[in-house]
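For reference, the structure discussed in these notes is given below.
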Amino acid sequence: MTAPVRGSFDARPLHDPVDPAAVRAFAAELRARRTTSTSASTMIGIVVAVLAGLVLVPLLATTVIGLAVGGRDTSPLAVLPLLLIGGALVAIVVFSVAGWRRARETRYRLNLFAGANGMSYLEQVADPPLPGMIFGLGRARRSSDLLRGTTPRFVEFGNYQYTVGSGKNSTTHRWGYVAVKLDVPLPNIVLDAKGNNAFGTNLPASFDRHQRLSLEGDFDRYFTLYCPAGYERDALYLFTPDIMARFIDNAAELDVEIVDDWLFLYTQRRVSTLDPATWAWLFGAVGALIVKFDQWARWRDERFAAEQPTAAATASAMSPRPLYEAPSPALPFAPPAGMLTPPPGVAPQGRRLTKRVQWLPILLAVGIGVAWTIARVMGNAGH
């Protein structure tokens, strides 16, 4: 993907008419690619259809038999259940077919859009091996409708979801994200965008207050920046005034995380969509930021060099799994001593921010438990 500039992409595949035969052919191609025979959404649809059949079909049969036995003396109101049941069955079929067709067409359009803009399309990835804060939470983790570019660096746009809890208390969280591969590992830095917060942060993690760093100018009006203790000077080196200005101008509504050799942009709306305005916004943001990442490649952590070889071995163990790893040629020679010192990498104390315990949910749960216990005790005393 060539570094995108606002308005420079081809949005026609998102809204131009499509050939139904081509949509069907692409759907068949996707089915052939899938490693599992039946997706979770398909299983849910089958279960719903079976349950509807088990409940509605007997009711419909009973109503028809009742009308037949009742003959001419049957009340007109007896027809109402038949109409309701028939209408429910028709509605279920119509909405199911419409949703199925819409999903097929969306995937086809996104594939065309990816090809028209120098990217590739991937339907889904289960449990994506990315180090960002949203990717290791809950269960049933899945990225969907991924669009990937590789030039001038790897960039991935995707929708993501995971589920926490179980049974009636389960909740599915949905995010949109952009993942950008960096040249070297950097300290774990989070920019919590203030423009998308309602009551406190909308991020799934909170961080110790002592890791907050105030930057110059208007930056603090738009973002709360967290960096590991002791890495304040490094954050100031990375976030120079020109880079701060680009984040303010292009990503003020996006949460940002730098972790290992990745930069993530997060939003609680769909990123991979048929909305051209969303793509204009995201392409503009990535295009504005990506041209500045080359200067980050020069950053080195002196602490990491001092802790060799232990730190190097740990960093190698923490690197992402091969799914997202670009191949790199091996050096054909052993460089002279000191030529590559300090090497790329981050010392252990800079790789992850310290998370803060969220006391409010715990206190609320304890309060509810205490109130319930008191109510039961008083109720038993009343008897």
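The values are calculated or read from the model by the stated rules, or taken from the named source; none is laboratory data. Everything numeric in this text was worked out from a predicted model, so none of it was measured. Every residue, glycine as well, gets a Cβ built from its backbone with ideal geometry; the counts of neighbours run over all protein chains shown.
Take segment 136-155 and flag every residue that is free of Cβ contacts under 8 Å to residues at least 60 places away in the same chain and over 21 Å from ALA27 (Cα atoms).
GLY136, GLY138, ARG139, ARG141
Across segment 269-323, which residue is farthest from ALA347 (Cα to Cα) among those that are among the hydrophobic types (A, V, I, L, M, F, W, C) and at pLDDT below 70? Give the derivation first.
Going residue by residue through segment 269-323, those that are among the hydrophobic types (A, V, I, L, M, F, W, C) are 271, 274, 277, 279-283, 285-286, 288-291, 293, 296-297, 299, 304-306, 311-313, 315, 317-318, 323.
Add one more test, that the residue is at pLDDT below 70, and what stays is 311-313, 315, 317-318, 323.
On the way: ALA311: 6, ALA312: 9, ALA313: 11, ALA315: 8, ALA317: 13, MET318: 12, LEU323: 25 Å.
Ranking the candidates gives LEU323 first.
Working carefully through the options TYR226, TYR160, TYR222, TYR177, find the one that is among the hydroxyl-bearing types (Ser, Thr, Tyr) and in contact with a Pro (Cβ under 9 Å, 6 or more places away or on another chain).
Values: TYR226 fails: in contact with a Pro (Cβ under 9 Å, 6 or more places away or on another chain); TYR222 fails: in contact with a Pro (Cβ under 9 Å, 6 or more places away or on another chain); TYR177 fails: in contact with a Pro (Cβ under 9 Å, 6 or more places away or on another chain).
Of TYR226, TYR160, TYR222, TYR177, the one residue that is among the hydroxyl-bearing types (Ser, Thr, Tyr) and in contact with a Pro (Cβ under 9 Å, 6 or more places away or on another chain) is TYR160.
Identify, please: which residue in segment 260-269 is buried (at least 17 other Cβ atoms within 10 Å of the Cβ) and in contact with a helix residue (DSSP H, G or I) (Cβ under 8 Å, 6 or more places away or on another chain) and is, among those, farthest from GLY195 (Cα to Cα)?
Restricting attention to segment 260-269, the residues satisfying the condition of being buried (at least 17 other Cβ atoms within 10 Å of the Cβ) are 260-267.
This time we only want the ones that are in contact with a helix residue (DSSP H, G or I) (Cβ under 8 Å, 6 or more places away or on another chain), so: 260, 263, 265, 267.
Values: ASP260: 26, LEU263: 19, LEU265: 14, THR267: 11 Å.
Residue satisfying both the conditions and the ranking: ASP260.
Might you let me know whether segment 211-231 holds any residue that is of a type in the set (Asp, Glu) and under 30 Å from ARG109 (Cα atoms)?
no
Do we find that PRO204 is in the same structural domain as TRP279 (by TED's automatic domain parsing), in contact with a Leu (Cβ under 7 Å, 6 or more places away or on another chain) and not in a strand (DSSP E or B) in this structure?
Yes; evaluated as a whole, the condition is true for this residue.
Which one is nearest to THR273 (Cα to Cα) among residues in segment 152-165 that are touching a Gly at 6+ places or on another chain (Cβ under 7 Å) and not aromatic (Phe, Trp, Tyr)?
Out of the qualifying residues, it is ASN159.
Just need a number here: residues in segment 174-205 that are over 19 Å from CYS227 (Cα atoms) and out of contact with any strand residue (DSSP E or B) (no Cβ under 6 Å at 6 or more places or on another chain).
7
Pairs needed: first member in segment 236-251, not assigned by TED's automatic domain parsing to the domain that holds PHE223; second member anywhere, not polar (S, T, N, Q); C-beta distance under 6 Å; at least 6 residues apart or different chains.
As it stands, the answer is none, since no pair meets every condition given.
Step by step: first the residues of segment 168-192, then only those that are surrounded by 15 or more Cβ atoms within 10 Å (Cβ to Cβ) and small (Gly, Ala, Ser), then the one that is nearest to THR267 (Cα to Cα). Which residue is that?
That would be GLY176.
Of everything in segment 243-300, what is in a loop (DSSP other than H, G, I, E, B), within 19 Å of the chain's Cα centre (by Cα) and of a type outside the set (S, T, N, Q)? Give them in sequence order. Write out each step before concluding.
Step one: list which residues in segment 243-300 are in a loop (DSSP other than H, G, I, E, B), which gives 251-254, 268-275, 291-292, 299-300.
Now restrict to residues that are within 19 Å of the chain's Cα centre (by Cα): 251-254, 268-275.
Those that are in a loop (DSSP other than H, G, I, E, B), within 19 Å of the chain's Cα centre (by Cα) and of a type outside the set (S, T, N, Q): ALA251, ALA252, GLU253, LEU254, ARG269, ARG270, VAL271, LEU274, ASP275.
It is to be established whether one or more residues within segment 226-238 are among the small types (Gly, Ala, Ser) and either part of a strand (DSSP E or B) or within 18 Å of PHE283 (Cα to Cα) (or both). Talk me through it step by step, then tell me what you get.
Here is the first cut: in segment 226-238, the ones among the small types (Gly, Ala, Ser) are 229-230, 235.
If we keep only those that are either part of a strand (DSSP E or B) or within 18 Å of PHE283 (Cα to Cα) (or both) too, we end up with none.
No, that holds for no residue.
In this structure, is PRO228 within 24 Å of PRO129 (Cβ to Cβ) and in contact with a Leu (Cβ under 7 Å, 6 or more places away or on another chain)? So that I can check it myself, show each step before the final result.
Working: within 24 Å of PRO129 (Cβ to Cβ): yes; in contact with a Leu (Cβ under 7 Å, 6 or more places away or on another chain): yes.
The answer is yes for PRO228.
Out of curiosity, is TYR237 out of contact with any Gly (no Cβ under 6 Å at 6 or more places or on another chain) and over 18 Å from ASN202 (Cα atoms)?
Working: out of contact with any Gly (no Cβ under 6 Å at 6 or more places or on another chain): yes; over 18 Å from ASN202 (Cα atoms): yes.
It is true that TYR237 is out of contact with any Gly (no Cβ under 6 Å at 6 or more places or on another chain) and over 18 Å from ASN202 (Cα atoms).
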